[in-house]
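Participant: Take a look at this one; I'll ask things after.
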Amino acid sequence: MAWTAAASLCCRLVRAAPVRRCARRRTLCSAARSTDAVDREYADLNLRPLYPNRGHHLRIRQHVNPLSALFVEPTEPPEWTEVFEDPLLPLMVDIGCGSGRFLVWLAKNSGERRNYLGLEIRQKLVERTQFWVTELGLRNVYFMFANATVSFEQIVSSYPGPLSLVSILCPDPHFKKRHHKRRVLQTPLVDSITKNLCLGGRVLVQSDVLDVATDMRERFDGYSDVFEHADRIDKDLQCDNEGWLLDNPMGIRTEREIHAELEGATIYRRMYQKTRCFLPDYSIS
Ligand SMILES: C[S@@+](CC[C@H](N)C(=O)[O-])C[C@H]1O[C@@H](n2cnc3c(N)ncnc32)[C@H](O)[C@@H]1O
């Protein structure tokens, strides 16, 4: 009996093995397809050969916990005159910029007279992106290792030019309710973005997770006295019946966006424009 049970378990394992191998192969194939799609999207940057000694595939933690003691101290702002050729240009900040390809691409190709700043909590990603920036000789884009939730205000309020665009694109979803406090967009960050944006400045938020997109949307919809949704102002921007933007307004997709669309996911986007000044509520409760 014991043998029979063991043998049958053995047979099941033997039969199961190819299934597991197939699943693994499928995952690897789809990851490779995704990587190829990203390489194609950013082909003109030709970044692959630019990080030769350290290998293209960095060993990088998939996630970090932004509430850990390692990330509570705000990051000091840089010396702006050292990082940008013209630190008076309008600034775009990408919060949680990941690999940074999206921002490097914009800095090189968008043609806007603008500076670009990426904030990212995974240090190794920042080191690699800053290496690319130096290799490409770009003087209008800079990446910082920072917990945006705690450092945005200090960094951005010290910038000498106007803050014209803030993007939060496919932020980590932290699905479990008890982990929502790890999400990057918390009330003080919304307040700081709202306060620091120049009049006419814009905020772009997007996610392939409806719950995350809705959370970000509700936070900025809450500032209806400051923001208009950009489709009301810019006829080139159109929304579906639910109020989500139909198209990507940036001219290039982020890496997460490429991966998600390859898997058939929908990207939920909103773009807000600051049309009135932010008057903080000084009422004493
Ligand atoms: C899912 S990835 C998306 C990256 C990129 N925006 C994209 O769409 O491809 C989210 C990124 O946000 C970063 N991140 C998470 N919390 C952060 C925080 N508090 N401050 C800065 N970056 C953060 C993560 O390390 C990760 O690289």
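Participant: Going through the range 125-153 one residue at a time, which ones are near the ligand (Cβ under 10 Å from one of its atoms) and either in contact with a His (Cβ under 8 Å, 6 or more places away or on another chain) or part of a helix (DSSP H, G or I) (or both)?
Facilitator: Result: Leu125, Val126, Ala148, Thr149, Val150, Ser151, Phe152.
Participant: From the set of residues in the range 97-113 that are over 16 Å from Phe145 (Cα atoms), of a type outside the set (A, V, I, L, M) and crowded, with 22+ Cβ neighbours inside 10 Å, which is farthest from the ligand (Cβ to nearest atom)?
Facilitator: Out of the qualifying residues, it is Trp105.
Participant: State yes or no: is Arg113 among the basic types (Lys, Arg) and outside any helix (DSSP H, G or I)?
Facilitator: yes
Participant: Now for a different question. Quick one: would you say Pro66 is surrounded by 21 or more Cβ atoms within 10 Å (Cβ to Cβ), within 12 Å of the ligand (Cβ to nearest atom) and either among the β-branched types (Val, Ile, Thr) or touching a residue at least 60 places away in the same chain (Cβ under 8 Å) (or both)?
Facilitator: Yes.
Participant: What is the one condition in (1) under 22 Å from Val203 (Cβ atoms); (2) away from the ligand (no atom under 11 Å from the Cβ); (3) surrounded by fewer than 19 Cβ atoms within 10 Å (Cβ to Cβ); (4) touching a residue at least 12 places away in the same chain (Cβ under 8 Å) that Thr75 does not satisfy?
Facilitator: Unmet for Thr75, out of (1) under 22 Å from Val203 (Cβ atoms); (2) away from the ligand (no atom under 11 Å from the Cβ); (3) surrounded by fewer than 19 Cβ atoms within 10 Å (Cβ to Cβ); (4) touching a residue at least 12 places away in the same chain (Cβ under 8 Å): (2).
Participant: Is it true that Ile155 is in contact (Cβ under 8 Å) with a residue 60 or more places away in the chain and either in the same structural domain as Glu79 (by TED's automatic domain parsing) or touching a strand residue (DSSP E or B) at 6+ places or on another chain (Cβ under 7 Å) (or both)?
Facilitator: So Ile155 fits the description; yes.
Participant: I've got another one for you. I'd like the full set of residues that are within 12 Å of the ligand (Cβ to nearest atom) and part of a strand (DSSP E or B), limited to the range 166-181.
Facilitator: Ser167, Ile168, Leu169
Participant: Out of all the residues in the range 114-123, which are within 12 Å of the ligand (Cβ to nearest atom) and surrounded by fewer than 21 Cβ atoms within 10 Å (Cβ to Cβ)?
Facilitator: Arg122, Gln123
The values are calculated or read from the model by the stated rules, or taken from the named source; none is laboratory data. Remember, it's a predicted structure, so these values are computed and weren't measured experimentally. No Cβ is skipped: glycine too gets one built from the backbone with ideal geometry, and neighbour counts run over all protein chains shown.
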